[in-house]
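One structure below.
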Amino acid sequence: MNWFQLWAESFPTMLGGLKWTVLIAAASIIIGYPLGLLLALGVTRENRLVHWISLVIVEAGRGTPALVLLYLVYFGLPKAGLSFASIPAAIIALSFNAAAYSSEMLRAGMQSVHRGQREAAAALGLTSATTFTHVIFPQGIRSTIPALMGLAIQMFQGTSLAYAIAVPELMQQAYTVGSQNFQYLNTFILAGLMYAVISMPATWITVFFERRMNKKYA
Amino acid sequence: MGAGQAFLAVLQGLPMTLLLTFASFIIGMILGVPIVLGLRARSSAVRLPMRVLVDFIRGIPIIVWLFVLKFGVSVGTFHFQPAQAAIIGLGIVSAAYLAEIYRGGILAVPKGQFEAAAAVGLNRHTTFLSVVVPQAFRIVSPSMATYLIGLFKDSSIASTIIVAEMVFQAQSFAAQNPTLVGILPYLFAGALYIVLSIPVAALSRRMDRKLQEARA
């Protein structure tokens, strides 16, 4: 069998894995980014306790390798009586990762809003909640979008680590196919191409947004 | 077995983690140079393929690179040892990321520097080596330090191809200890990554501050 025939044969199985890859990445982003916003708000709070707790969570999430988080949730927590199946465990660990990273980006974005905006809102008598939802957030989120898109691509690639906790994602399927047909090189290259086919255009779109954003603010 | 043993088990993997990190960082630093030259080439026949190559390398998760090198590459009876595959894989990925960092640094060198070099009659080669590189190096050093921290954490992925670094050691200790103590190696490993990153992060911030001062 030639190289392409092998690919054609393994492709359906790998595509089944890619489905989980995309689902887990999407879930981690959908859960992680709002949590990241909460953490960003926590870190910028004047209240010492809230500030420090948020900061510790963010630094732990950013400073620990994603693989350690995955192992901790999947293999570690059951030893304390808290067990998760592999897919929920992956989503928990990767959401935590996404939350920690996005919080720094969102914090920078919110802080980039000119302070005159805050003063104007106060002068108009807006409550601090309304100031955030209607003045600060809509402006701050714009400059954060390219960074959040970049992080989404990183999250997509990061799901490959869920292989290590037996999630049936793309890498796991590639390994299974490879151990059946013994064509590891062929199979892992196909897996790499499948990741690249999604990541590369996504990166180009992100760069496009980044450039447009820079032009607007220049 | 107690907390002490768990900590020692993790610590046993530290030398390998450091070896993976620094060896691949050095490979990346060196290979990044020809790549950034390609990315800045005047001929688009060089520039565009290089752009695609860099985006391609960065578009593939590290674990895939490690698996290709560890399980995919075999010439006759030759196979890479796990640590070799990890260093080469992490080195390739670092080269692509560091080349992008270099590129950003070169772009950040003020235009006036190029003009001044041309005005005093320096050729393209001398301008690049004596004017642009020293300044670009200062500009990129904080980002390179940040990348080094990222690479330090990414070296943990080598545990998936059975390299006996920190996470691998944590994992094997945990597998032997089903009780509560088995959760400790993961916490210790996580804490070690954070604690060991702090000096590099501090250095990065200091370099960044100095740079800001120099530019002000």
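Laboratory data are not the source of any read-out in this text; all were calculated from the coordinates shown. All values derive from a computational prediction rather than experimental measurement. Every residue, glycine as well, gets a Cβ built from its backbone with ideal geometry; the counts of neighbours run over all protein chains shown.
Okay, here's what the table says:
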{"item": "Relative contact order (percent, whole number), chain B, Cα cutoff 8 Å, 6+ residue spacing", "result": "32"}
{"item": "Efficiency of FRET from Cβ geometry, residue B:84 and residue B:123, R₀ 45 Å, rounded to 0.05", "result": "0.65"}
{"item": "Set of aspartates and glutamates near residue A:19 by C-alpha distance (under 14 Å), chain-local residues within fewer than 8 positions excluded", "result": "A:169"}
{"item": "Förster radius 60 Å - calculated FRET efficiency between residue A:180 and residue B:215, Cβ distance, rounded to 0.05", "result": "0.55"}
{"item": "Degrees, to the nearest 10: B:3-12 long Cα axis against longest axis of chain B", "result": "40"}
{"item": "Nonlocal amide H pairs with residue B:13, under 5 Å, H built at 1.01 Å", "result": "none"}
{"item": "Alpha-carbon gyration tensor eigenvalues x 5, square-rooted, for the stretch A:7-63, Å", "result": "39, 10, 5"}
{"item": "Residue A:26 paired with residue B:205, simple spin-label distance in nm, labels 7 Å along Cα-to-beta-carbon", "result": "3.9"}
{"item": "Inter-label distance, nm, simple model (7 Å from Cα along the C-beta direction), residue B:172/residue A:55", "result": "3.9"}
{"item": "Positive minus negative residues near residue A:103 (Lys, Arg vs Asp, Glu; Cβ under 13 Å)", "result": "+1"}
{"item": "Anisotropy class of the stretch B:41-171 from Cα gyration tensor, a/c 1.5 cut", "result": "prolate"}
{"item": "Equivalent ellipsoid semi-axes, the stretch A:78-166, via Cα gyration tensor eigenvalues times 5, rooted, Å", "result": "37, 16, 8"}
{"item": "GNM result for chain B, Cα springs below 10 Å: residue of B:111, B:153, B:70 fluctuating most strongly", "result": "B:111"}
{"item": "Alpha carbon centroid spacing (whole Å) that separates the stretch B:54-82 from the stretch A:1-66", "result": "24"}
{"item": "In nm, spacing of pseudo-spin labels at residue B:113 and residue B:75 (7 Å Cα→C-beta vector)", "result": "4.0"}
{"item": "Of B:206, B:40, B:51, the one that fluctuates the most in a GNM where chain B has Cα springs shorter than 10 Å", "result": "B:206"}
{"item": "GNM result for chain B, Cα springs below 10 Å: residue of B:173, B:137, B:71 fluctuating most strongly", "result": "B:71"}
{"item": "Kirkwood hydrodynamic radius of the stretch B:6-115, from inverse mean 1/r over distinct Cα pairs, in Å", "result": "15.8"}
{"item": "Extreme residue, positive dipole direction of chain A, given options A:8, A:145, A:76 (C-beta unit charges)", "result": "A:145"}
